[in-house]
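The values are calculated or read from the model by the stated rules, or taken from the named source; none is laboratory data. Small disclaimer: the values here were computed from a predicted structure and weren't measured. Virtual Cβ from ideal backbone geometry, glycine too; neighbours counted across all protein chains shown.
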Amino acid sequence: MLREKVPALCGRHNYCQSYYLDTVVEVSKAVGKEIQLEDILRVIIEQTAEVMEAERCTVFIYDESTNELWSYVAIGIEVNEIRFPLNAGIAGHVASTLKMANVPKAYDDPRFNCEFDIKTGYQTRSVLCFPMLNHEERLVGVLQVINKKSAVAFDRDDEILLEALSGHATAAIERAFLTKAYVEHKKNQDIMNMAREIQMSMLPRKFPTLSDDSNIDLYAFISPAKEVGGDFYDFFFIDDHLLCFAIGDVSDKGVPAALFMAVVKTLFRTHAKKDTSPLTGTGWTGVERRAPAKKDISPRQVLDNINKELCRDNEMMMFVTMFIGILDTLSGQFTYSNGGHNPPYIMFGNGRIKRLEASPGPAPGLIGEANYEEVTLMLNNGSTIFLYTDGVDEAKNNEGKMFSLTRLEELLCNISCSSLEEMTAKVVSTVTDFTAGASQSDDITLLSIKYYDIDNVKNNNRPISS
């Protein structure tokens, strides 16, 4: 409880200065116990009205986004929230000028708005209003008391006391805002982390490796620029020897891109498998396999079907660059189609690479009627298909320079690694070293597939082709 006040006539400021210190400390303690903004405002109002001997007290918070003052809690007024422009009423004038106002006769002051008195039947006599400023002298709100109980109007002693109380109230309100912002940030961070886990779980994480009955090696890597992103990769076996794979890059970033990516990935699997018979089991290392297809699957046709689906009701005008390939692991026949994506490379070993230059069609989602080219070639024993997104070649350092295709091609020509995982790590570390601490501006995704002739695998003879 606050200590008992001395009579007003004794001259509180001149003779009882300890009273000011005690009351401010008591109010500060009471406010300091609360964390929620609603509770803080309630305590400020109750304690300030008591120590100021005022009939009413109101805390008006400044909303910078709307340039308004609002009150969430007010003693004696059954209104949850009151909002008004910054220049309205006495409180608005104080907020605009950042100067205290002591009005002994409210109805004689042109700034006074009697609207609330008329609605409630209340009679406002005197008003003392003080701006609440933070340490940067920025407006946080206005602290207002109405109708001095023990006197006709508020005096100089009251002004000094309200100024002190407003400082503690300002600190408490800012602490509440910071606490709320932290909680919201933590909550959003937890949600984003969960979204990332969900998105990553949609991508295959178990890769086929070279073994006695497997003549391919595959490895993938993805690093979103934000918690979630729009890059993706996917692969699965259409039948016992046809490996279907894709890499894509959605036009946006963050949550919208992640949602669009999920749609694209679902469409890819749906259209690539629609002409196959039901699932018959799993193959090497648990990678999904299906029974032989009823008819040949065309990467061009799959890309065309995805494009038509994405263009339907695409009000957000989002799109995705996408490369789709099918590798016949028995013969080494490689068929692919490109929808606006970075052309992959074939790595032959011994410093030789080849860029898969084909006329790419438009990115799916842009044009409803699009023509996609389909190309077929034969892979040599030991060849590696290297796919990537533009987060690699367009990665920027602190000077704004991009990693570039030239550096990527030079790296692929000179790289020498014992596994695709090691090769992928080398590419990622080289890009990271180039950016030298600059923030990652785009998602980075890599997908590599190495093919060995099946006869060489059976004979345990796996030379890299020259």
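Quick notes on this structure:
- If the condition is being within 15 Å of S441 (Cβ to Cβ), under 13 Å from the mean Cα position of the chain (by Cα) and surrounded by 19 or more Cβ atoms within 10 Å (Cβ to Cβ), then the range 226-258 contributes G229, G230, A257.
- Condition check for F323: aromatic (F, W, Y), assigned by TED's automatic domain parsing to the domain that holds I454 and closer than 25 Å to A225 by Cα: yes
- Exclusive hit being closer than 27 Å to L379 by Cβ, part of a loop (DSSP other than H, G, I, E, B) and modelled with pLDDT of 90 or more, set S331, S337: S331
- Residues in the range 127-172 that are out of contact with any strand residue (DSSP E or B) (no Cβ under 8 Å at 6 or more places or on another chain) and of a type in the set (K, R) were compared, and the one that is surrounded by the most Cβ atoms within 10 Å (Cβ to Cβ) is R138.
- Taking the range 367-382 as the range and being in contact (Cβ under 8 Å) with a residue 24 or more places away in the chain and either within 39 Å of the chain's Cα centre (by Cα) or surrounded by fewer than 18 Cβ atoms within 10 Å (Cβ to Cβ) (or both) as the test, the residues that pass are I367, G368, A370, Y372, E373, E374, V375, T376, L377, M378, N380.
- Residue list for the range 260-290, restricted to those being assigned to a helix (DSSP H, G or I) and modelled with pLDDT under 85: K273, W284, T285, G286
- Tally, over the range 37-59, of residues that are in a strand (DSSP E or B) and closer than 16 Å to W70 by Cβ: 3
- Residues that are at pLDDT below 90 and outside any loop (DSSP other than H, G, I, E, B) within the range 343-360 comprise just one, G349.
- Check on P364, under 22 Å from V431 (Cα atoms), in contact (Cβ under 8 Å) with a residue 12 or more places away in the chain and not in a strand (DSSP E or B): no
- Cβ pairs under 9 Å, 6+ apart, first in the range 295-314 and more than 11 Å from N371 (Cα to Cα), second of a type in the set (F, W, Y) and at pLDDT below 90: L310/F260
- Boolean, T335 is over 39 Å from the mean Cα position of the chain (by Cα), more than 29 Å from S441 (Cβ to Cβ) and of a type in the set (S, T, Y): no
- Check on G76, more than 21 Å from E163 (Cβ to Cβ), touching a Lys or Arg at 6+ places or on another chain (Cβ under 9 Å) and at pLDDT below 90: yes
- Which numbered condition A220 fails, given (1) modelled with pLDDT under 90; (2) in a strand (DSSP E or B): (1)
- Residue pairs whose Cβ atoms lie under 7 Å apart, separated by 6 or more positions or on different chains, with the first residue in the range 127-140 and in contact (Cβ under 8 Å) with a residue 40 or more places away in the chain and the second aromatic (F, W, Y), are L128/F154; L139/Y62; V140/Y62.
- For the range 435-448, a residue qualifies if it is free of Cβ contacts under 8 Å to residues at least 60 places away in the same chain and crowded, with 17+ Cβ neighbours inside 10 Å, and exactly one does: T435.
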